[in-house]
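The values are calculated or read from the model by the stated rules, or taken from the named source; none is laboratory data. Just so you know, these numbers come straight off a predicted model, no measurement behind them. As a convention, Cβ positions derive from the backbone with ideal geometry for all residues, glycine included, and neighbour counts pool all protein chains shown. The protein model used for the area step is the full one, side chains on, heavy atoms only, and it has no ligands, DNA or RNA in it. Shrake-Rupley method; radii C 1.70, N 1.55, O 1.52, S 1.80 Å.
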Amino acid sequence: MINRVRRLRKERLMTLEALAERSGVTKSYLSKVERGQSVPSIAVCASLAKALEVPLDSLFADADELTEVTVTRAAERRALTSPDEPGTRYEGMALDAGAKGMTPFMLYPPLDDGPAAFRDHPGEEFVFVHAGRVELVLPSRAITLDPGDCAYFKATTPHRLRSLGTTRATVLLLVSSDYDTPDGAWPPHSRLP
């Protein structure tokens, strides 16, 4: 993904400053993303995709690799974060699919509730617990989800997930790719790094 952000930015003749301003991400953080020193959250990726005017999944797959029907075998999921990541780990699925209205990920929430920030972004999210137990934490309440349970919510609601128990849970996450607001404006992201 690192080189894709840089390549897409340069293809659009955008400076680092211009992309930072359009995406609501600081220039220093964006520079770290482009150099591979930081892995952005899904919310930051959504902001970058909107600012670059590309589908979210294009940050993870080259446009000429996209196909109409995509099968992702369990062993072929692409790690989007380091296996040593203490926070949430992500694996991309269906990255080579053509234009789509949502982007799927396998998610492995962290075990502790530590200092993890709430995330919010335009669009919607669908969370399905495949294995383990998770807690969906919202500012107003926490919801425990067991295997087979799911939650669907507006992603503009600040949220975070954490695994309950002794091992990380396995969660299917679907993020909608429709990030336009009614007035066409891209909302600010005060909670993003």
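Here region 138-172 is the region considered, the condition is being over 15 Å from the mean Cα position of the chain (by Cα) and of a type in the set (A, V, I, L, M), and the residue that is surrounded by the fewest Cβ atoms within 10 Å (Cβ to Cβ) is 142.
In region 44-65, the residue that is farthest from residue 8 (Cα to Cα) out of those that are modelled with pLDDT under 70 and surrounded by fewer than 18 Cβ atoms within 10 Å (Cβ to Cβ) is 65. Scanning region 15-43 for residues that are part of a loop (DSSP other than H, G, I, E, B) and open to solvent by 20 Å² or more (accessible area, probe 1.4 Å), we see that the one that is nearest to residue 79 (Cα to Cα) is 39. Considering (1) modelled with pLDDT of 85 or more; (2) in a strand (DSSP E or B), the lone condition that residue 139 does not fulfil carries the number (2). Tell me, which residue of region 66-115 that is out of contact with any Leu (no Cβ under 8 Å at 6 or more places or on another chain), under 18 Å from residue 131 (Cβ atoms) and surrounded by 17 or more Cβ atoms within 10 Å (Cβ to Cβ) is modelled with the lowest pLDDT? So, considering only residues that are out of contact with any Leu (no Cβ under 8 Å at 6 or more places or on another chain), under 18 Å from residue 131 (Cβ atoms) and surrounded by 17 or more Cβ atoms within 10 Å (Cβ to Cβ), the one modelled with the lowest pLDDT is 93.
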